[in-house]
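Undergrad: Handing you a structure now.
Please treat every number below as a calculation from the coordinates, not as lab data. Keep in mind that this is a model prediction, so the values were computed, not measured. We place every Cβ from the backbone using ideal geometry, glycine too, and count neighbours over all the protein chains shown.
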Amino acid sequence: MNRAGKFLRSHSRRRLVSCLLTGVFLFATAVAHAASTTWSAVGPDGGDARSIAAIPGDPAHLFLGTTNSWIYESTDGGASWRRLAKLESADDLVIDHIVVDAANPATLYAAAWTPSHPGGGLWVSRDGGKAWSESAGLSGQSIRTFVQARSIPSTFFAGTLEGVFRSSNSGATWEQTSPKGSREIHEIESLAIDPGNPDIVYAGTWHLPWKTTDGGKNWHAIKKGMIDDSDVFSILVDPEKPRVVFASACSGIYKSENAGNLFHKIEGIPSTARRTRVLRQDPLHGVVLYAGTTEGLYKTIDGGKTFKRMTGPDVIVNDVYIDSADTEHVMLATDRGGVLASHDGFATFEPANAGISARKVDALLVDNRNPERIFAGVVNDKTYGSVFVSTDSGIEWKQLADGLEGRDVFALAQSPEGTVLAGTNGGIFALEPNATAWEPMNLIEYVPVKTAADTPGESSLDTKKRLQNRPHMADKRSEKEKSRQHEIDGRVFAMDLSGDAWLASTVGGIYSSRDKGATWQGGPVMGVSGYLSVAAQGPLMAAARQDAIVISQDAGQNWWPVGIPVALTRIHRITFSPDGTLWVGAREGVYFTRDKGTSWMWVHRLPLVDIDDLYYDAQLGRVLVSSRGSEFVYAIDPEALDWKWWQTGYRLSAVRASGGRLLAASLEDGVLKEPRPEGAEIGQK
């Protein structure tokens with residue numbers, strides 16, 4: 001084994017074992033205490049919302065289902081929300097249906113499914129949502145629709161990937177009413193029960209609708225008038241005229257006036273690649289219907305003869321709630337945008353997400369001049385996401401996305417002068433101090449250029465414009481040199497702006513800038529791209545991909561490989577501590593080198609592996625360590641090599657410190673905040 005593969009020298013081994021055994025003792029003694037110190041989710045507000053339900057007779061008391069196993073509650077008509085319960089420890093339950101028992105409003109039903117595998121189930125609460133238990137009869141079933149009979153409230157139907165299930169005793173037991181193993185009546189996406197007869201049930205599948213008139217003993221197809229192979233997402237039976245049935249499908253919206261014997265397609269909604277996921281009828285005005293689609297909310301005020309789109313096409317609607325006391329008060333559960341609310345039948349609307357924290361935060365930055373100012377970079381939210389900023393340590397958030405055009409944000413970094421860069425799936429963007437919009441900063445220039453320092457008082461954006469528009473520079477370049485100038489336009493993995501030279505790793509390679517981002521130089525290193533992490537300590541720079549590390553001692557002008565421990569199989573993150581020690585977070589744990597890779601040490605017995613984020617926090621003087629597969633955070637003292645730890649209650653993507661308290665970016669729950677120490681006073685908002 002070469003020197004790079006020797007983890008511990010003999011004189012260091014005894015010191016490590018002693019101090020790290022102390023860390024294990026601290027870990028063991030604190031486990032019982034950890035559950036009482038679960039961190040709180042503080043935003044940014046919004047995320048994916050799937051279902052909304054209200055207590056009968058109390059329309060201000062609402063429940064909200066999400067895509068991350070959480071149920072929220074509101075007692076003020078959606079003006080504010082609070083977390084009520086998490087149905088299971090995993091973060092992937094899609095709670096598509098919440099039903100408040102019409103006979104006993106303290107009983108709640110939550111039907112769910114999982115997107116990554118055919119799982120899910122039914123959860124029941126008998127105390128208004130405080131405690132939940134899973135229904136054994138539907139355990140593991142991927143429930144896509146769930147309804148209660150109006151005429152006999154003890155009767156429920158559930159639609160799953162396997163078929164239709166019925167309970168006649170308020171969910172105590174279940175039996176499958178569709179033929180077991182049927183090649184036709186399966187993958188049930190929608191159900192509707194005749195308001196006067198619970199034996200008449202309509203079922204929409206991923207390939208046309210079906211109907212039973214005897215409680216499920218016999219079923220027959222009701223597809224006449226529909227385009228073949230139409231996925232039926234929602235079925236609505238008019239409570240006053242039960243022979244009038246609406247059905248929404250991937251091919252459009254259909255209406256039947258003879259209980260499903262014949263459907264005709266309703267005109268008025270453009271026949272594009274949109275799916276109408278839900279239909280809802282105004283309880284006081286039967287001719288008013290709402291159609292929630294993947295391209296916005298549509299409304300008809302003439303029973304379906306004509307529809308008008310009430311939102312923009314970017315709104316993906318999962319559910320529509322109509323206030324029974326005020327039918328002009330309408331709320332939508334949407335992808336990415338959370339809850340949208342209107343008090344005028346959706347002529348106008350606004351977000352109603354106060355208290356909902358369900359975003360995937362992939363980047364977290366604490367302002368180096370104001371620790372109460374926090375930036376959160378989110379992914380998968382398009383125009384509803386990009387970057388959010390809080391100026392009060394996470395109490396309130398504001399979207400700061402102008403100029404990013406809905407790009408995902410995977411990295412955030414700040415220069416000592418205050419410029420913030422966002423690394424996206426489409427290049428690098430800059431936010432200058434006091435600016436309100438992001439500007440692209442992606443010019444790759446392979447010929448020498450002057451730096452921002454040559455023009456006193458000029459900002460980096462001004463420099464970029466000046467350099468891009470100097471005709472005499474372009475005149476001096478050869479055609480070959482001109483052809484090599486282009487822009488960073490792919491995914492940006494990581495950035496470090498701490499020194500005079502800025503550093504970024506992208507899908508195209510490693511780039512450095514000596515003019516505050518006005519231009520970048522670089523590309524593949526050692527003929528390879530895909531460096532996932534970078535770190536800088538003055539002119540000393542390092543970059544890592546999964547199985548290799550390269551180092552530069554001249555601010556990125558030249559790079560050379562360094563040896564790594566042979567035990568390492570997947571490197572995720574690197575960082576420097578102030579003394580020049582390079583820290584590595586990998587699948588096998590945390591390693592470090594004090595001599596640029598000549599020899600390595602392993603942080604022995606650290607009870608965390610598969611490290612995803614590693615960050616030296618100057619405020620704490622510690623290396624913060626976290627894993628996406630763990631709820632724990634560790635803070636390593638780089639000198640003593642012992643550590644502190646916290647249990648957050650959530651899976652994490654990054655950890656930072658702000659004003660003496662830790663913050664974490666989570667995979668499904670937004671930004672998390674460490675609880676205040678016992679005895680600390682909490683100020684008013």
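Undergrad: Could you give the size of the charge dipole of the chain about its Cα centre, using +1 on the Cβ of each K and R and -1 on the Cβ of each D and E, expressed in debye and rounded to the nearest 20?
TA: 1720
Undergrad: Please sort by residue number the GluC sites (Glu not before Pro) in region 108-185 whose DSSP state is loop and whose Cβ has at most 14 other Cβ atoms within 10 Å.
TA: Here the sparse-neighbourhood loop sites are E184.
Undergrad: Output the pairs from K130/K382; K86/K360; K308/K360; K180/K211; K516/K673 with a Cα-Cα distance over 25 Å in this structure; if there are none, say none.
TA: The pairs that break the limit, which is 25 Å between Cα atoms, are K130/K382; K308/K360; K516/K673.
Undergrad: If you don't mind, another one. Give me log10 I(q)/I(0) at q = 0.05, 0.09 Å⁻¹ for the chain, Debye formula, one equal scatterer per alpha-carbon, no solvent.
TA: -0.30, -0.86
Undergrad: Counting other beta carbons within 10 Å of each Cβ, put T648, T173 in order, fewest first.
TA: With the fewest neighbours first, T648, T173 line up as T173, T648.
Undergrad: Please report the equivalent ellipsoid semi-axes of region 532-685, computed as sqrt(5 x eigenvalue) of the Cα gyration tensor, largest first, in whole Å.
TA: They are 29, 16, 14 Å, listed from largest to smallest.
Undergrad: Find the relative contact order for the chain and round it to a whole percent, using C-alpha pairs within less than 8 Å whose residues are 6+ positions apart.
TA: Once normalised by length, the contact order is 11 percent.
Undergrad: Can you give me the pair-distance distribution of region 393-441, C-alpha pairs, 5 Å bins, whole percents?
TA: 5, 21, 30, 26, 15, 3, 0
Undergrad: I need the trypsin sites (Lys or Arg not before Pro) found in region 280-326, filtered to DSSP loop residues with at most 14 other beta carbons within 10 Å of theirs.
TA: Counting only loop positions with at most 14 other Cβ atoms within 10 Å, the trypsin sites (Lys or Arg not before Pro) in region 280-326 are K305.
Undergrad: Moving on. Relative to 2.2 N^0.38 Å, what does the C-alpha radius of gyration of region 558-624 come to as a ratio? Two decimals please.
TA: With N residues counted in region 558-624, Rg over 2.2 N^0.38 Å equals 1.07.
Undergrad: Give a residue-ordered list of calculated ³J(HN,Hα) values for region 134-142 (Karplus: 6.51 cos²θ - 1.76 cosθ + 1.60, θ = phi - 60°; whole Hz; x for Gly, Pro).
TA: Karplus-based 3J(HN,Hα) across region 134-142 equals 7, 6, 5, x, 10, 4, x, 7, 7 Hz.
Undergrad: Which trypsin sites (Lys or Arg not before Pro) in region 191-238 sit in a loop by DSSP (not H, G, I, E or B) and have at most 12 other Cβ atoms within 10 Å of their own Cβ?
TA: K217, K224
Undergrad: A further question on this structure: Say the dipole of the chain comes from +1 at the beta carbon of Lys and Arg and -1 at that of Asp and Glu; which of A535, V378, T598 then lies farthest toward its positive end?
TA: Of the options given, the answer is T598.
Undergrad: How far is the Cα center of region 154-202 from the Cα center of region 108-130, in Å?
TA: Between the Cα centres of region 154-202 and region 108-130 lies a distance of 16 Å.
Undergrad: For region 220-375, with only Lys/Arg (+1) and Asp/Glu (-1) charged at the beta-carbon, what is the dipole magnitude about the Cα centre, in debye rounded to 20?
TA: Charge dipole of region 220-375: 400 debye, to the nearest 20.
Undergrad: What's the long-distance tail for region 266-397, i.e. % of Cα pairs beyond 22 Å?
TA: 45
Undergrad: Taking 1 over the mean of 1/r across every pair of different Cα atoms in region 133-173, what Kirkwood radius in Å do you get?
TA: After inverting the mean inverse Cα-Cα distance, the result is 10.5 Å.
Undergrad: Taking the Cα centre of the chain as the origin and placing charges on Cβ (Lys, Arg +1; Asp, Glu -1), which of P115, N197, V525 is farthest toward the positive end of the dipole?
TA: In the chain, that residue is V525.
Undergrad: Tilt of helix 10-34 relative to the longest C-alpha principal axis of the chain, in degrees (0 to 90, nearest 10)?
TA: So the inclination is approximately 30 degrees.
Undergrad: Now for a different question. Please name whichever of W560, I266, P283 sits farthest to the positive end of the charge dipole of the chain, dipole taken about the Cα centre and charges placed at Cβ: Lys and Arg +1, Asp and Glu -1.
TA: My answer, from the dipole projection, is W560.
Undergrad: Something else: Compute the convex hull volume of the Cα atoms of region 74-130, divide it by the residue count, and report the result per residue in Å³ as a whole number.
TA: 100
Undergrad: In percent, what relative contact order does region 82-241 have, based on Cα pairs under 8 Å that are 6 or more apart in sequence?
TA: 14
Undergrad: I've got another one for you. Once you list every other residue whose beta carbon is under 12 Å from the beta carbon of G128, what net charge do they have if Lys and Arg are +1 and Asp and Glu are -1?
TA: So the environment of G128 carries a net charge of -2.
Undergrad: Continuing with this model, one more query. Looking at the chain only, what percent of DSSP beta bridges run antiparallel? Nearest 5 please.
TA: So the antiparallel bridges amount to about 95 percent of the total.
Undergrad: Which whole number in µm²/s is D for region 169-308 by Stokes-Einstein, with the Kirkwood Rh taken over Cα pairs at 37 °C and 0.692 mPa s?
TA: Value of D from the Cα-based Kirkwood radius: 214 µm²/s.
Undergrad: With charges set only on the Cβ (+1 for Lys and Arg, -1 for Asp and Glu), what does the dipole of region 141-233 come to about its Cα centre, in debye to the nearest 20?
TA: Value, rounded to 20: 180 debye.
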